[in-house]
Amino acid sequence: MTMIRSIGPVLGSALIAWVCASPSSAQVPRPNALPTTLGAPSAFGINSYTVTTISATSFTGRTSSMSYATSPSLGRYGGVDQLLDYYVGLDLPAGAVIDYIGLNTTTDTAFVIGVELLRRDRFGNLSPVGNLDSTIHDWDTDINASPIGYLWHGRTGEALILHVQNGPNPNFQFFGWVEVWWKRSVGPVVGGPTFNDVPSGHPFYQYIEALAASGITGGCGTGIYCPNNNVTRGQMAVFLAKALGLHWPAN
């Protein structure tokens, strides 16, 4: 029961059923596991993502007494015929849209290793973002075939946690890393228009409001943005420096 408490009430009952129904030699998919592919999203023409990869060596066991080791190729593995749980925190910026989760493994049994991404709030409540299972192959990465579309708000008092679970098996099974594919988003506008010449119906309204809210632009005059004006190299330098958070020594 300790293992189920660590996962939380959202997934606890489903994982109890999975553990009880899975003989060590023939695993079954975890409940609600996402369909996977071995083809990375970039193979489908997607090029706007940032990929955050967390090595298996960053994951720690559920308890200090859990026995696990590191392979020569820096993969994680544990004892045979044991249920093994590994955890690590995931740091992403507010406004990130999480679409893909990849699990790098080498396994001889389908579904024996799974990964889930969880959101935890300050009260200890856990909410699932997505989960998937490994398939049989030498070192390769399983990744969900369709985007998740989860918007991470990044509010104070909440965190993202990755959980890798290795089901009981008579042979050693290994995972190398977990990768999370995410992209930045422009949030909805709060309040009315900042600039008189960029009303809410303007095609670039949401994006211009995002620049104003983040302090990247103050417009081109009192209450106006001049959306149709050309941008000089000097103005571009200000936009980029503010957007990238650049700074220089005072002396």
- Note on the structure: Non-local residues with an amide H under 5 Å from the amide H of I224, with H modelled 1.01 Å from N and Pro and chain starts lacking one, are N196
- Message: What Kirkwood Rh does the stretch 60-107 have if only Cα atoms enter the pairwise 1/r average? Answer in Å.
- Response: 13.4
- Between F174 and residues 5 or more places away or on another chain, which pairs have amide H atoms under 5 Å apart, with H built 1.01 Å from N, and which residues are they? T106
- Message: What are the ³J(HN,Hα) couplings of the stretch 121-137, residue after residue, when phi is run through the Karplus curve with 6.51, -1.76, 1.60 and θ = phi - 60°? Round to Hz, x for glycine and proline.
- Response: 9, 5, 8, x, 7, 10, 10, x, 9, x, 8, 8, 10, 6, 10, 7, 5
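Which net charge results when you count Lys and Arg as +1 and Asp and Glu as -1 among the other residues whose beta-carbon is under 13 Å from that of L151? Working shown, then result.
Values: positive: R119, R155, K183, R184; negative: D99, E158.
Charge balance near L151 sits at +2.
Using the Cα gyration tensor of the stretch 163-222, with a ≥ b ≥ c the square roots of its eigenvalues, what is the shape: rounded (a/c below 1.5), prolate (a/b larger than b/c) or oblate (neither)? Mind showing how you got there, number by number?
Working: a/c = 5.86, a/b = 4.35, b/c = 1.35.
Verdict is prolate for the stretch 163-222.
D108 to T156: FRET efficiency via 1/(1 + (r/R0)^6), r the Cβ-Cβ distance, R0 51 Å, to the nearest 0.05?
On the way: r = 44 Å, r/R0 = 0.86.
Step by step, r from the Cβ atoms, then E = 0.70.
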- Query: Across the stretch 227-240, in residue order, what do the Karplus-derived ³J(HN,Hα) couplings come to in whole Hz, using 6.51 cos²θ - 1.76 cosθ + 1.60 with θ = phi - 60° and x for Gly and Pro?
  - Reply: x, 9, 6, 6, 9, 7, 5, x, 5, 4, 4, 5, 4, 5
- Find how many whole Å separate the alpha carbon centroid of the stretch 179-204 from the alpha carbon centroid of the stretch 155-170. 33
- Which values, in whole Å and largest first, are the semi-axes of the equivalent ellipsoid of the stretch 186-251 obtained as the square root of 5 times each eigenvalue of the Cα gyration tensor? 23, 14, 10
- Helix-only CD estimate at 222 nm, as mean residue ellipticity for the chain, using -39500 (n - 2.57) per DSSP H run (n ≥ 4): -4500 deg cm²/dmol
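Taking 37 °C and 0.692 mPa s as the conditions, I'd like the Stokes-Einstein D for the chain in µm²/s, using the Kirkwood hydrodynamic radius from alpha carbon pairs. Kindly include the intermediate steps, with their values, before the conclusion.
Values: Rh = 20.8 Å.
For these conditions, the coefficient is 158 µm²/s.
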- Message: Which order do the peptides 102-113, 77-88 come out in when sorted by mean C-beta neighbours inside 10 angstrom, highest first?
- Response: 102-113, 77-88
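By its C-alpha gyration tensor, with a ≥ b ≥ c as the square roots of the eigenvalues, how is the stretch 40-160 shaped: rounded for a/c under 1.5, else prolate for a/b larger than b/c, else oblate?
The shape class here is oblate.
The numbers here are math on the coordinates, done by the rules we state, and not lab data. The shown structure was predicted, so the numbers you read here are calculated from the model rather than taken from an experiment. Note that each Cβ is placed from the backbone with ideal geometry, even for glycine, and that neighbours are counted across all protein chains shown.
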